[in-house]
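Below is one structure, written out as structure tokens; comments come after it.
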Amino acid sequence: MRFKIFGVLAAAALLSACASDPVETGMASGAGNVADAKPVETYTAPLGSTIAAGSQEDLVVNVGDRVFFGFDEYTLDGKSRAVLDKQAAWLSANPSVTISIEGHCDERGTREYNLALGERRANSAKDYLVQLGVNPSRVRTISYGKERPVALGSTEGAWAQNRRSVTVVGNAGS
Amino acid sequence: MVISVLHRSRNWIYPATLLLAAFIVAPGQAELRIDITQGSVKPMPIAVADMNGQSSDEITFGRDIARVVATDLERSGLFDPIDRASFIQTNDALLSRPRFGDWRIINAQALVQGLTKILPDGRLRIEFRLWDVFSETEMVGKAYSTVPDNWRRVAHIIADEIYNRITGESGYFDTRIVYIAESGPANRRKKRLAIMDQDGANHRFLTDGSSLVLTPRFSPELQEITYLSYIGNVPRVYIFNIDTGRQEILGDFPGMTFAPRFSPDGKQVIISMARGGNSDIFTMDLRTRKVTQLTFHTAIDTSASFSPDASQIVFNSDRGGTQQLYTMAVDGQTPRRITYGSGRYATPVWSPRGDLIAFTKIHKGRFFIGVMRPDGSGERLLAEDFLVESPTWSPNGRVLMFFRQSKSGSDGSGGRSRLFSVDLTGNNLREIITPTDASDPAWSPLIP
């Protein structure tokens, strides 16, 4: 599994270098000799895996299906961008896959504002993927506001888990 | 469903003895009245006698109607219905004329009595009178006829008449609530559109819960509800016709439409639409289908509500950095921020009287329901909890309903959501009993 993650991180590091944020990984050395600015195909499904390539399970297990946001925030931090970098590479490796990006909020906001905020979060993730070369026609967004929490309980920890965008395989274009 | 007002108090046909009685009332006595603008009102003791009838059906209707009237009045917090067990004069004797001394002894300031009769055509006729016990005068007397099944509505209309006669304000008992009925765990919450009378009676589910539904609001004539539904997993504003049960998508918008409300004349719906992550406010004319964009800001603009004269709109925006309330002209011009207090403000709703805007406020991890004048001055907070949200006005602008959600545990326990009402004075907090958990209440206008 190691070599796969290394490859994806190499692409991530390359992309991160274009953004103003400092590159936080020390593993970027391997990317030093990549001259071409275009992200390279780096995703390879694990050997011997029983998980179907391009499936939701594949995305969840081998890539990461979600990114998290601060309270009333919709900007992507370095960690979120790293997950989305991997998603972009994975989408490139699975060109027939379409996705929905769901935007979600914690329960500490009002319903209608949270619908708008969830929409912003889903579109933050989508815009970033599109920047990385994902065809926008493959990506649909939907906001659930605070209607579909993943973590139960009225705690800071649960709220942090619920402020998220989740990439779901399928449903594009509707 | 026809309710005809057969008599008004001024042209009531009195028996001769009642006419004589009217002449001996001492003039110049202060009128029985409750000033509901005061901060805290001592409830007025009122005797609501079971209405008279001849047949057992008539007696049953008479008793049930009187109980609904008394319950309405009691729940307003302005009246204190007197225990029937202490009544001295019997219902039968009331038929000729109240013995006011008997009612003064038990401290009744007002007395309600009436008569029910099942007419030869099967309709139910109900007459009632409201008496001022101290001045020994009839304050109002009216009669209604309707199909017997409609008896609860007549009771609410009578309660509204009493409320109106004694407070000088129009009542709010002959109204309905549309809301979201909730069940199941928070991460798989089932939400259904539901409707009930304001006292919780005649409860009915309008959708089956197969699609997520949110934020219902009545049209001014009550025949329609606009709300957000995730039918087909596509969040869009719909209009539900209560009579036909049909639901219809509002317009053909390229992005999520949400936060709908009818205009005061019912001819437009104001909504928010999200496109490319940005939410702006639009109106749609229901007849011409013409769509007008009112805000063009990169910030979130949502939760729009018309002023009752339809000259202005109040809405929620984070264009200043955090969620605040803004007003603008009905054409979208001259937006103006009205909230400068500490905290975030949301869900503004203009009072039907026009004098106040109700809102949800979030401050230091707590939620509040409050009101302020349309220029943002005079903020008053009426309710506070872990989560209170979504105020809606009684049609007379004197009571607010909202929902309150409790904290939940990591095992999914708690997190109960319930409807409450509170006076504009901050007094008389009451739960509205619903069969399941409940949120997003919307109070109807008086039923036409």
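Whether any residue in segment B:424-433 is modelled with pLDDT under 95 and either surrounded by 21 or more Cβ atoms within 10 Å (Cβ to Cβ) or in a strand (DSSP E or B) (or both) is what I want to check.
Checked against the condition, which is being modelled with pLDDT under 95 and either surrounded by 21 or more Cβ atoms within 10 Å (Cβ to Cβ) or in a strand (DSSP E or B) (or both), segment B:424-433 yields at least one hit.
So in segment B:278-302, with the set limited to residues that are more than 14 Å from chain A (Cβ to nearest Cβ) and part of a loop (DSSP other than H, G, I, E, B), which one is least open to solvent (accessible area, probe 1.4 Å)?
B:LEU294
Run B:ILE362 past the list (1) modelled with pLDDT of 95 or more; (2) over 28 Å from B:THR327 (Cβ atoms); (3) within 14 Å of chain A (Cβ to nearest Cβ) and report the number of the one that doesn't hold.
(2)
Working only within segment A:147-165, note down all residues that are within 8 Å of chain B (Cβ to nearest Cβ), open to solvent by less than 30 Å² (accessible area, probe 1.4 Å) and of a type in the set (Ser, Thr, Tyr).
Across segment A:147-165, the qualifying residue is only A:SER154.
So is B:ALA194 in contact (Cβ under 8 Å) with a residue 12 or more places away in the chain and either open to solvent by 40 Å² or more (accessible area, probe 1.4 Å) or within 11 Å of another protein chain (Cβ to nearest Cβ) (or both) or not?
no
Go through the residues of segment B:146-156 one by one and say whether even a single one is crowded, with 16+ Cβ neighbours inside 10 Å, aliphatic (A, V, I, L, M) and over 17 Å from B:VAL68 (Cα atoms).
no
Going by the conditions given, is B:VAL178 within 30 Å of A:TRP159 (Cβ to Cβ), more than 14 Å from every other protein chain (Cβ to nearest Cβ), touching a residue at least 12 places away in the same chain (Cβ under 8 Å) and under 17 Å from the mean Cα position of the chain (by Cα)?
yes
Report yes if some residue within segment A:7-19 is closer than 30 Å to B:ALA299 by Cα, at pLDDT 95 or above and out of contact with any helix residue (DSSP H, G or I) (no Cβ under 7 Å at 6 or more places or on another chain); otherwise report no.
Looking for residues that are closer than 30 Å to B:ALA299 by Cα, at pLDDT 95 or above and out of contact with any helix residue (DSSP H, G or I) (no Cβ under 7 Å at 6 or more places or on another chain), one finds none in segment A:7-19, hence no.
Looking at (1) over 19 Å from B:PRO220 (Cβ atoms); (2) surrounded by 15 or more Cβ atoms within 10 Å (Cβ to Cβ), which one does B:TYR172 not meet, given that it meets all the others?
(1)
Would you mention how many residues in segment B:396-416 are surrounded by fewer than 21 Cβ atoms within 10 Å (Cβ to Cβ) and in contact (Cβ under 8 Å) with a residue 24 or more places away in the chain?
Looking only at that region, the number is 1.
Note down all Cβ pairs under 6 Å where the first residue falls in segment A:90-111 and is away from chain B (no Cβ under 11 Å), the second is basic (Lys, Arg) and assigned to a helix (DSSP H, G or I), and they're at least six residues apart or on different chains.
Taking only residues 6 or more apart or on different chains, the pairs are A:THR98/A:ARG138.
Restricting to segment B:328-342, name every residue that is open to solvent by 10 Å² or more (accessible area, probe 1.4 Å) and under 28 Å from the mean Cα position of the chain (by Cα).
Selection gives B:ALA329, B:VAL330.
Which numbered condition trips up B:SER305, out of (1) touching a strand residue (DSSP E or B) at 6+ places or on another chain (Cβ under 9 Å); (2) on the phi > 0 side of the Ramachandran plot?
(2)
Only one of these is within 20 Å of the chain's Cα centre (by Cα), touching a residue at least 12 places away in the same chain (Cβ under 8 Å) and either assigned to a loop (DSSP other than H, G, I, E, B) or crowded, with 17+ Cβ neighbours inside 10 Å (or both): B:PHE367, B:PHE359. Name it.
B:PHE359
Kindly provide the set of residues from segment A:50-81 that are touching a Lys or Arg at 6+ places or on another chain (Cβ under 8 Å) and aliphatic (A, V, I, L, M), ordered by number.
Matches in segment A:50-81: A:VAL63, A:VAL67.
For segment B:279-317, what are the residues that are in contact with a Lys or Arg (Cβ under 8 Å, 6 or more places away or on another chain) and among the aromatic types (Phe, Trp, Tyr)?
Of everything in segment B:279-317, just one residue is in contact with a Lys or Arg (Cβ under 8 Å, 6 or more places away or on another chain) and among the aromatic types (Phe, Trp, Tyr), namely B:PHE306.
Inspect all residues belonging to segment B:100-114 and state whether any of them is over 17 Å from B:MET44 (Cβ atoms), open to solvent by less than 50 Å² (accessible area, probe 1.4 Å), touching a residue at least 12 places away in the same chain (Cβ under 8 Å) and not acidic (Asp, Glu).
yes
Which is outside any strand (DSSP E or B), crowded, with 20+ Cβ neighbours inside 10 Å and of a type in the set (D, E, K, R), of B:ASP92, B:ASP121, B:ASP57, B:ASP50?
None of the others qualify; the one that does is B:ASP50.
The values are calculated or read from the model by the stated rules, or taken from the named source; none is laboratory data. Since we're looking at a predicted model, the values are computed, not measured. Please note: Cβ atoms are built from the backbone with ideal geometry, for glycine as well, and neighbour counts cover all protein chains shown. Quick note on the areas: whole protein, heavy atoms, side chains included, nothing else; ligands and nucleic acids left out. Shrake-Rupley method; radii C 1.70, N 1.55, O 1.52, S 1.80 Å.
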